[in-house]
Amino acid sequence: MARRVAIVGTGQTYHKSHRPDVTSREMIHEAVTAALADADLTIRDIDAIVIGNMDHFESINYVDAYSVEGSGGVMKPIMKVSTGGTTGATVAIAAYYHVASGLFERVLAIGFEKNSESDTTGAIITCSDPVWDRFSYSGAIPSLATEATAYMEKYGATQEDAALIGERDRNHAMNNPYAHLRRPLSVADIMNSPMLAYPIKLGDICPRSDGACACILAADGIAQKIAKRPAWFRAAAVRHTYTWFGDSTDYNQGLVSMQRASKDAYAQAGITKPVDEIDVAELYLPYTWAGLKWIEDIGFCGPGEAARFVSDRNTHMGGKIPINPSGGVISTNCIGATALLRVAEAAIQVMGKGGKRQVPDVKNALATGFGGCFWSDVVILSSEKP
């Protein structure tokens with residue numbers, strides 16, 4: 001039987017569009033130092049490291065070796081993980097497996113990205129087939145726009161419905177000192193922003209950020225000695241679908257990977273009514289339409305019900321199930337760290353360390369990762385040991 005595992009410390013940088021003052025290694029060091037301080041540990045206490053980013057974006061080979069001056073991983077076991085946009089969540093899950101296996105007691109999970117020094121478009125288009133897909137899916141936005149238009153046609157959702165997601169998350173970000181975009185954005189602002197690919201406008205989409213995040217995971221018996229209120233893993237699920245966009249992605253079926261990963265995670269955690277049993281969610285929403293469509297796929301509401309569910313303020317702070325108190329991906333997107341930030345922010349909520357962005361009395365928190373090939377990771381953290 002796997003050992004019980006908890007997150008006992010988190011750390012992140014102050015995220016910006018450009019960090020010319022630091023190298024990637026120095027940025028990693030900032031996050032690691034903050035996580036160690038949060039857990040009152042030193043790097044000598046760490047048994048192993050899992051690290052990841054979109055290494056082909058920045059053309060850095062052997063990220064695990066390259067990063068040791070920042071990660072503190074000299075002569076420690078290190079594993080590099082890179083699974084597209086889901087990288088940060090997969091890093092967290094791999095670190096969880098490291099501890100749950102019994103091989104390590106304390107593991108450091110790290111995600112980072114220096115988007116200001118990367119070529120994201122040139123790299124992203126290589127995920128699609130060069131003959132059949134690349135002409136229409138040349139980057140992240142075209143595939144997301146196709147998903148959004150299919151949802152609009154099927155359920156009658158409007159651009160204003162999606163814009164409310166952006167307004168919500170950008171307002172939430174005002175309470176997060178680490179967020180990249182800390183300026184309110186209204187539905188009207190989003191509607192008046194430039195069109196990128198119908199129906200996605202500039203205000204609907206996430207930024208490109210420089211930043212890093214680190215989490216420390218510890219085994220049962222050790223976690224309680226480190227943290228007053230550890231964030232225990234109740235579930236971790238990964239689903240990757242095929243990357244032939246035109247053939248394998250039936251947009252009217254929903255995000256199948258999210259449906260299956262969340263179903264698996266709920267079964268692991270013994271959750272039957274997620275909207276009643278989960279207190280807060282940090283969802284990887286790279287654009288506003290995902291905040292409608294994907295909350296249906298994750299079971300927070302029924303098909304076609306998301307627009308009403310959101311407009312009734314169920315997902316705002318103070319609502320039935322607050323989503324993205326941190327401001328989410330719409331406010332900060334350092335790709336290799338983005339999904340790990342979702343896990344870290346969920347842990348922060350469980351541990352009661354959210355400050356102005358804290359949701360009261362959090363017992364169960366859910367975090368997701370999303371990859372451009374329509375991949376999904378789901379993690380559920382709890383204040384109570386499983």
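The values are calculated or read from the model by the stated rules, or taken from the named source; none is laboratory data. Model, not experiment: these values are computed from the prediction. Because the Cβ atoms are built from the backbone with ideal geometry, glycine has one as well, and the counts that use them run over all protein chains shown.
Look at Trp232 and say whether it is of a type in the set (A, V, I, L, M, F, W, C), closer than 26 Å to Ser186 by Cα and touching a helix residue (DSSP H, G or I) at 6+ places or on another chain (Cβ under 9 Å). For Trp232, the condition - of a type in the set (A, V, I, L, M, F, W, C), closer than 26 Å to Ser186 by Cα and touching a helix residue (DSSP H, G or I) at 6+ places or on another chain (Cβ under 9 Å) - is not met.
Looking only at residues in the range 12-63 that are part of a helix (DSSP H, G or I) and charged (D, E, K, R), the one that is nearest to Ala227 (Cα to Cα) is Asp38. Take the conditions of a type outside the set (Asp, Glu), crowded, with 24+ Cβ neighbours inside 10 Å and modelled with pLDDT under 95 and apply them to Gly291. Does it pass? Here the answer is no, as Gly291 does not meet what is asked.
Exactly one condition in (1) part of a helix (DSSP H, G or I); (2) among the charged types (D, E, K, R); (3) in contact (Cβ under 8 Å) with a residue 40 or more places away in the chain is false for Glu167; which is it? For Glu167, the failing item is (3). Among the residues that make up the range 332-340, is at least one of them assigned to a loop (DSSP other than H, G, I, E, B) and either without any contact (Cβ under 8 Å) to a residue 40 or more places away in the chain or touching a strand residue (DSSP E or B) at 6+ places or on another chain (Cβ under 8 Å) (or both)? The answer is yes, given that some residue of the range 332-340 is assigned to a loop (DSSP other than H, G, I, E, B) and either without any contact (Cβ under 8 Å) to a residue 40 or more places away in the chain or touching a strand residue (DSSP E or B) at 6+ places or on another chain (Cβ under 8 Å) (or both). Of all positions in the range 201-215, none carries a residue that is at pLDDT 95 or above and farther than 21 Å from Gly327 by Cα. Any residue that is surrounded by 18 or more Cβ atoms within 10 Å (Cβ to Cβ), part of a loop (DSSP other than H, G, I, E, B) and at pLDDT 95 or above - is there at least one of those in the range 139-159? Yes, the range 139-159 contains at least one residue that is surrounded by 18 or more Cβ atoms within 10 Å (Cβ to Cβ), part of a loop (DSSP other than H, G, I, E, B) and at pLDDT 95 or above.
On inspection, Ile222 does not qualify as among the hydrophobic types (A, V, I, L, M, F, W, C) and in contact with a helix residue (DSSP H, G or I) (Cβ under 6 Å, 6 or more places away or on another chain).
Hey, among Ser67, Ser17, Ser71, which residue is within 19 Å of the chain's Cα centre (by Cα) and small (Gly, Ala, Ser)? Lay out the reasoning, then the answer.
Working: Ser67 fails: within 19 Å of the chain's Cα centre (by Cα); Ser71 fails: within 19 Å of the chain's Cα centre (by Cα).
Of the residues listed, the single one that is within 19 Å of the chain's Cα centre (by Cα) and small (Gly, Ala, Ser) is Ser17.
For Ser326, state whether it is of a type in the set (S, T, N, Q), under 25 Å from Ala6 (Cα atoms) and in a loop (DSSP other than H, G, I, E, B). Judged against the criteria, Ser326 is a match.
With respect to the conditions (1) surrounded by fewer than 24 Cβ atoms within 10 Å (Cβ to Cβ); (2) closer than 18 Å to Phe300 by Cβ, Ala346 falls short on a single one, namely (1).
Once the range 261-277 is narrowed to residues that are in contact (Cβ under 8 Å) with a residue 40 or more places away in the chain and among the β-branched types (Val, Ile, Thr), the residue that is nearest to Phe233 (Cα to Cα) is Ile271.
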